[in-house]
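Below is one structure, written out as structure tokens; the observations come after it.
The values are calculated or read from the model by the stated rules, or taken from the named source; none is laboratory data. As the structure is a computational prediction, the values presented were derived from the model and not from experiment. Cβ placement follows ideal geometry from the backbone for every residue including glycine, while neighbour counts extend to all protein chains displayed. Ligands, DNA and RNA are excluded from the accessible area calculation, which covers all protein heavy atoms including side chains. Shrake-Rupley method; radii C 1.70, N 1.55, O 1.52, S 1.80 Å.
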Amino acid sequence: MFQPTRGGVIKAHERDFLSDILCLLTAAMCLWAAQARHGQILEQRAVHELVQVTPLENAPPLVAFTTVALGGFRGLIADLLWMRASRLQDEGKYFELVQLADWITKLEPRFTGVWAYHAWNMAYNVSIMFEDNEERWRWVVNGIQLLRDSGIFYNSGDPQLYKELGDIYKQKIGGITSEKNQYFKRMLAKEMSELLGGGYIDYDQLDPALAKRMIKDHKLDPKIMREIDEEYGPLDWRAPSSHSLYWAYRGSRVAGPGGHVQCDRLINHSLIDAFEQGRILLLPESELVIHTPNIDILPNVIRAYERSIARHENKSFPDGFVSFLKDAIIVLYSFNRKEQARETHQLLLARNPDEEIEKSFSRYVYINSIKTTRAISETDATMYVEGAFYKSFFWLALGEEERAKGYDAMARTCWKQFMKAKTPEMIERMGLAPAGELRKRAMARAMGEFGEPLSGRLKLLAEKMQAEDKE
Amino acid sequence: MNKIFAIAGLAIRTAVRSRVFIWLMILLVSAIIVLPLILKGDGSAAGRAQVLIHYNLRIIAIILTLATVWVACGSVSTEIRDRHIHLLVTKPVSRLQLWLGKWFGILCINAALLSIGGGLTYGLLLWETREGVLTEEDRATLAEEVFVARRPFYAETKSHDSIATETLEALMVRGDIPENMPAQRAYKTIKRFYQLRENSVLPGTVKEWRFELPMNMGPDEDVILRYRFSSSRQAQRRSTAGMWTAGRKNDLAPFRHRHASYPGGAHQFTVPRAAIPDDGVLYVKYMNAETKYPATVVFDGNSAVTILANSGSFSMNFLRAMLVLFIRLAFFASLGVTAGSLLSMPVAVFLSFFVLSLSSFGDYIASVASTGLFYIPHHPEHVEPTTFLNTIAQSFFKCMNVVSSPLARLDPLESLPSGLLISWAFIAESILFLLIIYAGLSAVLGVGCFNRREVAL
């Protein structure tokens, strides 16, 4: 086909080529015009409240594409995937659940509840279906990773997700409800030891490569960790309580100056855990991981509670504070921090003028150590005193001398308190054996029951003590 | 027969010329290579292999099914539209031969592409799980959990039909069945009551199952006992301690397994070969041994307790899975050719995709068919709580369920990754339903109508 022109003819394919170029140019101009107006259109949408949620800003292309291109259909696809996930879980076919959870959450990336549900489902519901420790731990990690690596990444401004993640660390790993909790604690401690080379961090000497790895692999930002350590620490980062505190702290921070009730509550609960069992003792000779109190952080816990009480009009905060102080006195006493325990007792009395709390410090320790205000029998008292001596030897064998002294003092205080109220006739009839005798019995039991390496260490210490006694 | 082959050859040549074959091959190979890079397993080597098997074969099946439907719909309808059919129908070729030729041509393309896709997947699987990549322990787990073909054995179940009928009659005589409750509904409720009573294990009591396993089991062939249960403490998420024993009828001493398991999911343990009697009749007992938080345990349904015994190799199982996938493709090809013979291309594609979607939404269809669109809780004063819309919807979904349930059920990819056997009986069932009944009915309809269709307009 030919067409007349000024100089002759243009072949059909040449004409097609020209029109193609023209179309491409037009398309390019339209595209340019659209992108030029895009920002304004988005602003106008926000001004006139035409969108329910703000668009995803940090989503990778695939997620951005699915959320925009699929439109309303993504809800339908998410439903179908969810039905499949439920069916597979019911049939015990768990291998696909991580993939399905990933797709479902990516289809609804701004739906906080979906992230929280799938993480919780994997960490709690699926993990318990496995007998093997390793497999259970893997599912707990899968739940953590879903929230930590993706959920919070897409919803970095939602404090609820931080709280959910912190809860997994606090309850699933740090709690005692799971029968495998000791294994979980050991795995977390091992993972953090390998990463940090110990439990505590020297931020001034932190290797930049390590800092990068902490952020990339564990989403632990050394800057925020430092802030936490300065405000509440020093913390042992091998303990689950440090991690629940970290995520709750981040959640509270993104919530703004007013804080977030649930995150702030989790901060306080994590601090209580850190105070009561936030220090890790790893025995190199065995797989044993021992959680001991981190009593140095007491002033920080008190400060955190006082701030929460001032920030939130919620009765659970002052109630929790009182409950914490009551326990803290006994913990401090067991660490031979008698003066600090006495001050905490005073603080407890000052904060609770109405509540009936034992005013005498020694009596308070006695009552709260044996966990009853009623008179106890000679058998129960013997059991308690000998038990406290036994604990003292346990901590001595672990090299925790202050704590050993604390339990020793506690045993002696209870012995004295029990014997104080007795007349000589009563002592004759139902008095306790001398404290030294009870201590020897506890030592003999400890030597027989502690396995190696603790019994070996205790034997050496006992010999040393005997030598010192002779001198 | 030569005529059919000639038309099939023509269909293949057209497909190759139109680059459908090449593009499909590129798409398949790309999917097989790219998919493993974006897939997430559960963190274990076995989980990774299972996800790889399932998703790679699933994507192959999806691509081939969509392409098959498209090509099949176009194979006749576009020839009619472009009037190329005139060249064929003027030759001594019957419409049946034309239909079969087109169908057979598409099957040949499918066979080639499925072989390539399946072969690549199998190769990739071997490559990803080779020595040096995985630890010996992981490889052993894979060999035990994934690269196996285990046949499930179910316990003998007791029928409750007669006792349910007798009870219903007695209750009706006494007037204990409400007047507005249909007899069928009352019967179902009574039967369900007896089933649950039979399958419940109260604290401290025992339930026994009888399994007939093969008599010729090898000396090292341990079996797996898989069980699922619900508990009266399910909402509290408490584990229930139980004692499993297995052996002869009156001698269950050979094997004991004590375990506290959580309700709601599947659990399993290995029963050693030594515990299985030579006659293959294995008795399994469960004692509800929970004392701290006593709870009633219910093993509901035939598959609540299953014995899985090794039965052949994984490679043969893989091949059988490919065969079933091919049979499914054959059905969709027949559907497409029939739709294309009767309708224009867009309408034929639309109709075929509707049937295809039935097989994809099998779970949803089955659930609506059984409960209706809305769940209406039972109320004693309103024995038949329902709405008009719900009744209509439920009836419609029941009809769809009849068609879709074999399509959903005869899916080899639900069994293969879990190491479950795809038996020859399963293949026979696939051939019967998908090839003989579904594809046959489709062919009869297609050829019958095609014979009456005027194509020389």
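Values for this structure:
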item: Percent accessible area from carbon and sulfur atoms, chain B, protein chains only, probe 1.4 Å; result: 62 percent
item: Accessible area expressed per residue, the protein assembly as shown, with surrounding protein chains retained (probe 1.4 Å, Å²); result: 51 Å²
item: Helical contribution to [θ] at 222 nm, DSSP H n ≥ 4, -39,500 (n - 2.57), averaged over the protein assembly as shown, rounded to 500; result: -20000 deg cm²/dmol
item: Drop in accessible area of at least 40 Å² in the complex versus isolated chain, residues of segment B:263-286, 1.4 Å probe; result: B:ALA266
item: Pairs of lysines in segment B:154-307 (C-alpha under 19 Å apart; 8 or more residues apart or interchain); result: 8
item: Distance violations [Cα-Cα > 18 Å] among A:LYS93/B:LYS40; A:LYS416/A:LYS464; A:LYS163/A:LYS315; result: A:LYS416/A:LYS464; A:LYS163/A:LYS315
item: Averaged over A:94-104, number of beta-carbon atoms from partner chains that fall within 10 Å; result: 5
item: Relative contact order of chain B, pairs being alpha-carbon contacts under 8 Å that are 6 or more residues apart, as %; result: 22 percent
item: Orientation-averaged projected area, Cα convex hull of segment B:95-199 (nm²); result: 15.6 nm²
item: For B:VAL281, distant residues with modelled amide H under 5 Å away; result: B:LEU213
item: Amide H contacts under 5 Å for B:LEU421, placed H, 5+ residues apart; result: B:ARG150, B:ARG151
item: Over chain A, relative contact order from alpha-carbon pairs under 8 Å, at least 6 apart, %; result: 8 percent
item: Segment B:285-331-segment B:388-419 distance, computed between alpha-carbon centres (Å); result: 19 Å
item: Pairs of alpha carbons in chain B whose separation is greater than 29 Å (percent); result: 62 percent
item: Alpha-carbon centroids, segment B:87-157 and segment B:166-225: separation in whole Å; result: 39 Å
item: Peptide ranges A:28-38, A:219-229, A:442-452 listed from the most packed, as the mean C-beta count within 10 angstrom indicates; result: A:219-229, A:442-452, A:28-38
item: Buried solvent-accessible surface, both chains (B, A), 1.4 Å probe, Å² to nearest 100; result: 2500 Å²
item: Cα radius of gyration and Dmax for the protein assembly as shown (Å); result: 36.2, 137
item: Overall dimensions of chain A by Cα: Rg and Dmax, Å; result: 31.7, 137
item: Averaged over B:358-370, number of beta-carbon atoms from partner chains that fall within 10 Å; result: 1
item: List of segment B:21-63 residues, accessible area with partners at least 40 Å² below that of the chain alone (1.4 Å probe); result: B:LYS40, B:ASP42, B:TYR55
item: Charge sum, other residues only, whose C-beta stays under 12 Å from A:GLY448's C-beta, Lys/Arg counted +1 and Asp/Glu -1; result: +2
item: Cβ-derived FRET efficiency at R0 35 Å, A:ASP149 paired with A:LEU282, nearest 0.05; result: 0.85
